[in-house]
Amino acid sequence: MIQVLHFLLVVMCFAAGSCERPGTKERDAAAKSARASDPNDEGDAAVAIADPPPRPMLGASLDSRALMERLQKAEVKRMKLVGTNSIVFRASTDQEIDVSYRPRANPRPWGYKAEIAAYQISRLLEMDNVPPGVVRSMSRGVLRGHLDPRFEDDWPSIVQALHWTDGDSVRGAMLYWVPAMESLDLERSEWKRRWSVWLSQDGSVPPAESQLAADISTMIAFDYLIGNWDRFSGGNTHVEPRSRRLFIRDHDLSFATPLPERLHRRILDMLLLVERFSRRFVENLASFDRAHLEHVLASEPTHAQDPLLSESQIQDLMERHATLLSYVASLIDAHGEDKVLAFP
């Protein structure tokens, strides 16, 4: 009970914006002073942090590195609108993959950055079910020239919604388009009753559903980490048809700062339904810090000139990171490591 109360105090503290890990300011100031006094020091870039290795991607025949390389050089062919509440295109390419393209556009011009930041963070956590993505600019002529004729009447509204650079190009997120998905409405009451039992300490997981249960657990924890409050609003959960593995995608509403209390409460309530986690996910979560986060964000080539996340977004994320680890620790104290880290 004491451990659970400690967790709730941590949550309240972070929600109020008054928490800070002990010694953070002192350590940062000391490190900054040491670097300033050392003429041979190259700053944070001198710290050797290994780049996450490529991983197989769920639903793809290529690994994450190969997909990223294709996304970086892909030239689009025909594009069609597929977004419902925002402008998103699906496009065929010359790289034998289809892509989605989410340009910087109203009503949420930051959404494209959130998609790329979420993917980069998933690399730190060794997740294989978050589709890779890169930032790509696209000219007005390319968009107009490759737009499917069926969407000709939509062009004026597209032009008005997009945030153009110098009036001629737009920046956006180009993401791997998963070729085969089936909708799984995990937000529906009958599904929620099933998976909430699977993930509770009082319930049991049918052997045939063990992988799906693990994926749901990881998805909810990941959503808490990145502040994604939109997962269970409908139509955002899909599985790979053969394996029934869960794809974790659509993160354009993540990283809001400050995250309104009612939305933080929404993702926290979902997290509190989860009492079983993937051991690998938790170990990877515990092993990364701000330096690792900044390193992986910087692997996006545009990040130096146009950061994927702001300073306040990074601070908020690291606070949720600490809260998430505190919650898992409180569960382990109460139930034991093997029962809480129940999935590989």
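Where a number appears in this text, it was derived from the coordinates with a stated rule and is not lab data. Keep in mind the model is a prediction, meaning the values are calculated, not measured. Here the Cβ positions follow ideal geometry from the backbone for every residue, glycine too, while neighbour counts run over all protein chains shown.
For L325 and R144, what does the FRET efficiency come to when R0 = 30 Å and r is the distance between their Cβ atoms, rounded to the nearest 0.05?
Numbers: r = 48 Å, r/R0 = 1.60.
After rounding to 0.05, the efficiency reads 0.05.
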Neighbours of E240 by Cβ distance under 14 Å: Lys/Arg at +1, Asp/Glu at -1, summed charge +1
Once all Cα-Cα distances of the stretch 64-176 are split into 5 Å bins that start at 0, what whole-number percent is in each one? 2, 12, 23, 26, 19, 11, 4, 2, 0
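Once the convex hull of the C-alpha atoms of the chain is built, how many Å³ does it hold per residue, rounded to a whole number?
Numbers: hull volume 53.8 nm³, N = 344.
So the per-residue hull volume is 156 Å³.
Would you mind getting me the FRET efficiency between F151 and R108? Use the beta-carbon distance for r and R0 = 22 Å, nearest 0.05. Each step should come with its number before you reach the end.
Numbers: r = 21 Å, r/R0 = 0.94.
Rounded to the nearest 0.05, the efficiency is 0.60.
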Connecting every pair of Cα atoms under 10 Å apart in the chain and solving the GNM, the largest mean-square fluctuation among I49, I116, I226 falls on I49
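Return a whole-number percent for the relative contact order of the chain, with Cα pairs under 8 Å and 6 or more residues apart as the contact set. If you can, show how the numbers build up before the last one.
Values: 488 pairs, mean separation 70.3, N = 344.
Relative contact order comes out at 20 percent.
Given the chain, what percent of its DSSP beta bridges are antiparallel, to the nearest 5?
Details: 27 of 29 bridges.
If we restrict to bridges inside the chain, about 95 percent are antiparallel.
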For the stretch 183-277, alpha-carbon Rg over 2.2 N^0.38 Å: 1.05
Between P179, P109, P56, which gets the highest mean-square fluctuation from a Gaussian network model of the chain, Cα cutoff 10 Å? P179
Relative contact order in percent for the stretch 182-340 (Cα pairs under 8 Å, 6+ apart) equals 27
Label-point separation (nm) for Q72 and E209, each offset 7 Å from Cα along Cα-to-Cβ? 4.2
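With an 8 Å Cα cut-off and a minimum separation of 6 or more residues, compute the relative contact order for the stretch 77-123 in percent. Let's see the in-between values first.
On the way: 54 pairs, mean separation 11.2, N = 47.
Once divided by the residue count of the stretch 77-123, the mean separation gives 24 percent.
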Tally Lys and Arg at +1 and Asp and Glu at -1 over the other residues with C-beta under 13 Å from the C-beta of F277: what net charge comes out? -1
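Go ahead and run the numbers for FRET between K80 and R244, Cβ-Cβ distance against an R0 of 22 Å, rounding to 0.05.
That pair, K80 with R244, gives E of 0.20.
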Label points 7 Å out from Cα along the Cβ direction at S312 and Q201: separation in nm? 3.8
